[in-house]
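Below is one structure, written out as structure tokens, with a few remarks after it.
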Amino acid sequence: MTNTSASPYAGVDFSPLQAFTEGEVVTHSPVRDVRLPSGKTLALITLDNGRDHTRPNTLGPATLTELGATLDALEARAAAGEIDAVGITGKKYILAAGADLSDISRLDSKESARLIAQLGHSVLGRLSDLGVPSFAFVNGLALGGGLEIALNSTYRTVDASAAAIALPEVFLGIIPGWGGAYLLPNLIGIENALEVVISNPLKQNRMLKPQQAFDYGIVDAIFPAATYLENSLAWADGVLAGRIKVERRNEPGKIERLTKWPIAIRMARTMLESRIGTVPKSPYAALELLDKAKSGTKAEGFAREDEALAELVTGDQFAASMYAFDLVQKRAKRPVGAPDKALAKKVAKVGIIGAGLMASQFALLFLRKLQVPVLITDLDQARVDKGLIYIREEIATLVAKGRLDGDTANKLRALVHGTTDKSEYADCDFVIEAVFEEVGVKQQVFAEIEPIIAEDAILATNTSSLSVEEIGAKLAHPERLVGFHFFNPVAVMPLIEVVTTPQTTDAALSTAFVVARNLGKNAVLTSDAPGFVVNRLLAKVMGEAARAVYEGTPLLTVEKAFGPLGLPMTPFQLIDLVGWKVAAHVQDTMAHAFPDRFFASENFHRLAELPEVVEKDKGGRVTGWSKAAEKILKGAVGSSPSSEADILRRVQDGLAQEIRIMLDEGVVPEVEDIDLCLILGAGWPFIDGGASPYLDREGASEGVFGGTFHTPVIRGIAAR
């Protein structure tokens, strides 16, 4: 295809992209004329790939080429006076989920990557240059290129029930490359655009609700689902007739461009450097595009997007992100090793041993997601009551935020019950403990309730690193016990490590996997090994940080050494978050199991008794030891500091060695499961692809065991 339209892309030969259309599920763009109440005619395009809503419309090269031909025909009809406007909408529940990532990941050169960016701009940009107004009717999911369809249109409405609206590209290691980085800030102002383009993707890929999109000014009108298209067409008719004046209340003016814009960009850069360091490329590329969008023409803005997208798509970080994306979208939804779900026991009532903070978080999650009776118990009624108060206050907070309606909140309050009477566990189907992390304590609480519960009830332990088999050693029926390890905060972190022992039955395992899925979590099967997956590898990271400190390395040098990993937190930020007592316990567990490979120190426990171990600035960055911690460390550290490079190399080598051992020991079926655990349970960045692609690229795998975790190594186009 050669673009011959009078546009900045006139004369660009797009035919090389035909090589990447094989296997593309084409989203077609049929047109029907709609006679509006005023007598005007709107030509309505309905994007539809012929699949149901579980396979969203996507925008590959063949799709864009067909849409371009559709728009060519409509432009000709507009010039002939046959139509007064063009509308574009999608199949039921879906406008479009953006570019077809499988197509993009098959590109073979920077030139091809630039062409796909230019093709998107060439086609979608036509929506604002048809000779008549264009209306995007956002009837459902609109992500990435789907939202950019709307941004390139003259006017936009949204269905109030649309599932999600977002520009998630930065989350995937790229940038909004079909107009989003230029058009959005010029529509809704720089601060709102920074949130949509950069902040939200970095917050676990947060999406916008339709009302938020309307409030930001991304769309001009919002209508209820029942009459959405009818209302949208009537609204469009009003706009065409001049009865409805569209006000862009957040559109930036001259003063914002001169003063507010550069200040917002500067603050955003400082925030990024503080929060994610400087390793991730896409947030800074997006920031640069948003900065330059304050001036210049649309053609210049689109050209900048073309170059930025071509650069990022061919790099290592995007390749790793695609690997990670595939894990989260596919492997996480079909857990390897999970027994047939038909074997799972129906869970009609849940019991939680304990009423502390973790137990109360469990209770709230089970209540919200399963909506079955939930029982909590503890040693005395005061502790039980404290847990119930927490649960009820959290429910009230959810109502205040509009995330629960009043009727549902009342139902949840009625479903939770607290007592010291353990006999009430008798009709529980699934019982999970959330007590002190000590084998003896966990054995004791299970011993107390096992005679009470039904023979087919499932027991679960939330241990973070202890042996599940040892916890169940005194049970009459250890085969019903399964590890069910949540991550903190419980409501947010998407991973549950499901731990099996040699005794665990398929029925117990199946129940655990089904419960995890019903809780909205992703479960990964792991064997009963110390620390399982996430804590074992985080213990390696934290242990190497502690080792460097005790050698005499300054705290901030140690923190900076970990920057190239791209982790969401530095080691001592992480320790401070999970708690020094928990960290000390995990390090002890790992050092006891593998004394030659893991570092622990008695000083961990001394530091854990302090009210404050490290000092942090307002952004949460560690700035130094507390005075009390300095006293403890004063006589405990050596005089052989390590350099940042040496610390990083030790961490890389240690992780490569430990992952190789875990695979050899069968802790998980494949390395993909380790990466999935790290991404979902530790926030390991998509741009690394988890740990293994990063360690391959850095040469740690080759150096440690003479091979790589992946063949070929997961690299970007430019490095192949």
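The values are calculated or read from the model by the stated rules, or taken from the named source; none is laboratory data. Keep in mind it's a predicted model, so treat the numbers as computed, not measured. Reconstructed Cβ throughout: ideal geometry from the backbone, glycine too, with neighbour counts over all protein chains shown. Accessible surface areas use protein heavy atoms only, side chains included; no ligands, DNA or RNA. Shrake-Rupley method; radii C 1.70, N 1.55, O 1.52, S 1.80 Å.
Residues checked against (1) closer than 19 Å to Asp100 by Cα; (2) out of contact with any Lys or Arg (no Cβ under 6 Å at 6 or more places or on another chain); (3) open to solvent by 20 Å² or more (accessible area, probe 1.4 Å):
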site	(1), (2), (3)
Tyr284	no, yes, yes
Glu288	no, yes, yes
Ala299	no, yes, yes
Ala303	no, yes, yes
Asp306	yes, no, no
Glu311	yes, yes, yes
Thr314	yes, no, no
Met322	yes, yes, yes
Gln329	yes, yes, yes
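Selection of first residues in region 494-523 that are surrounded by 24 or more Cβ atoms within 10 Å (Cβ to Cβ) and of second residues that are acidic (Asp, Glu) and in a loop (DSSP other than H, G, I, E, B), restricted to Cβ pairs under 7 Å at least 6 apart or on distinct chains, gives the following pairs, ordered by first then second residue: Val499/Asp528.
Of the residues making up region 585-599, just one is within 19 Å of Ala636 (Cα to Cα), buried (at least 23 other Cβ atoms within 10 Å of the Cβ) and not aromatic (Phe, Trp, Tyr), namely Gln587. Considering region 332-349, the residues that are in contact (Cβ under 8 Å) with a residue 40 or more places away in the chain, closer than 16 Å to Ile496 by Cβ and charged (D, E, K, R) include one that is least open to solvent (accessible area, probe 1.4 Å), namely Lys333. Just one of the listed residues (Asp84, Asp72, Asp100) is out of contact with any helix residue (DSSP H, G or I) (no Cβ under 7 Å at 6 or more places or on another chain) and at pLDDT 95 or above, namely Asp72. Say we look at region 355-372 and pick out the residues that are in a loop (DSSP other than H, G, I, E, B) and over 18 Å from Lys411 (Cα atoms); which of these is most open to solvent (accessible area, probe 1.4 Å)? Residue satisfying both the conditions and the ranking: Gly356. Among the residues here, Gln381 qualifies as open to solvent by 30 Å² or more (accessible area, probe 1.4 Å) and over 22 Å from Leu509 (Cα atoms). Note on region 12-37: residues that are open to solvent by 60 Å² or more (accessible area, probe 1.4 Å) and among the polar types (S, T, N, Q) amount to 1.
Okay, residues lined up against (1) farther than 17 Å from Arg206 by Cβ; (2) free of Cβ contacts under 8 Å to residues at least 40 places away in the same chain; (3) not in a helix (DSSP H, G or I):
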residue	(1), (2), (3)
Val132	yes, no, yes
Phe137	yes, no, yes
Ala142	no, no, yes
Leu147	no, no, no
Thr157	yes, no, yes
Ala162	no, no, yes
Ile174	yes, no, yes
Gly177	yes, no, yes
Ala181	yes, no, no
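Among the criteria (1) in contact with an Asp or Glu (Cβ under 7 Å, 6 or more places away or on another chain); (2) in contact (Cβ under 8 Å) with a residue 60 or more places away in the chain; (3) under 24 Å from Ala523 (Cβ atoms); (4) of a type outside the set (Val, Ile, Thr), the one Leu375 does not fulfil is (2).
Look through Ile352, Ile391 and report the one residue that is open to solvent by less than 60 Å² (accessible area, probe 1.4 Å), of a type in the set (A, V, I, L, M, F, W, C) and within 16 Å of Phe436 (Cα to Cα). Result of the check over Ile352, Ile391: Ile352. Screening Ala221 on (1) open to solvent by 30 Å² or more (accessible area, probe 1.4 Å); (2) closer than 28 Å to Lys203 by Cα shows it passes everything except condition (1).
Quick check on my filter: what residues within region 686-716 are touching a residue at least 40 places away in the same chain (Cβ under 8 Å), in a loop (DSSP other than H, G, I, E, B), over 24 Å from Ser109 (Cβ atoms) and open to solvent by 10 Å² or more (accessible area, probe 1.4 Å)? Listed by number, the list holds a single entry, Phe709. Kindly indicate whether Ile659 is touching a Leu at 6+ places or on another chain (Cβ under 8 Å), open to solvent by 20 Å² or more (accessible area, probe 1.4 Å), among the hydrophobic types (A, V, I, L, M, F, W, C) and touching a residue at least 24 places away in the same chain (Cβ under 8 Å). No; evaluated as a whole, the condition is false for this residue.
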